[in-house]
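Let me begin by presenting the structure, written as structure tokens, before commenting on it.
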Amino acid sequence: MPEMKNRHLLKFPLILFSLLLLNYPYLAYADYPDGYYDVGSIIDGDTFKLTDGKSVRLIGINTPELDERCGTEAKQQLSSLISGKSVYLEKDVSETDQYDRLLRYVYVDGIFVNDRLVYNGYAYAVRYPPDTKYSNQLEDSENSAESSDRGCLWEINCCIDDDGSHYWFAASCFIATAAYGSPIDPHVEILRKFRDKYLVTNKLGRCFVNLYYSYSPKLAKYISKHGILKEVTRLCLLPIIGLSWVILKLGLTATIVLIVFFSGGLTHILRLRRKKIDLNPDQP
């Protein structure tokens, strides 16, 4: 009898442990269900921390980094909306991202914060499957901001100071943006990085950039409305993008040396070919 009693006592911990295992997914996600939370600090334009230190990443949007154009303005915009307030967090499909940040739609005082940042021209609408519940709405807001030249992302302001101390660019100024359909397309990013590293850092480059941006906005808007022109422009830009990528990877000096050697080798081959034809004119 004591042995039977001991067996029954052992069953209780096993049953309890089994229940915990069965409910583990729910327990794991029970810390941050949809509801109101207090905002602690603002990290950048699309990320902030709660008062308990947990980071929250706004779903469906992307803002420039703080060291990029419009990054500081985006952070200020988010701060003006939610800093020091209690916000409502809504989950889509994913709980967190690879950095363990909560992925949420954010609301405050009746404002859909994710959408407001895009509509005002401080954030891009970006689809991050499977969290696409409001993607269509966010894309409509981006189209509205772009067509109205609204916010620091879309305002027409393509100029650069002579001394290079200040410069401003809008996404709508980019012919490449119009051709590839997005200011965060990898091809556009390559051209943007090349501009910032090799053009706006010297006087000659700044003159070229100013000249380019005095004509490009109208061309960009025209290209964006014609599918065939987009394809033709992409083909024309590929060599420039390829060369820019090589320069960014190898450096300007190494790229020039590589081009000289390649050109010299090609010229030598052509000369040998011509010499062979001159010596054997009847040979096909």
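Read-outs: derived from the displayed coordinates by stated rules, not from any lab. Please read these numbers as outputs of a predicted model, since none were measured by experiment. Neighbour counts are summed over all protein chains in view; Cβ atoms, including those assigned to glycine, are modelled from backbone coordinates with ideal geometry.
Brief remarks follow.
- Take the Cβ atoms of N136 and D185, set R0 to 25 Å, and the FRET efficiency comes out at 0.80.
- With neighbours defined as other Cβ atoms within 10 Å of a residue's Cβ, the residues R271, R69 order from fewest to most as R271, R69.
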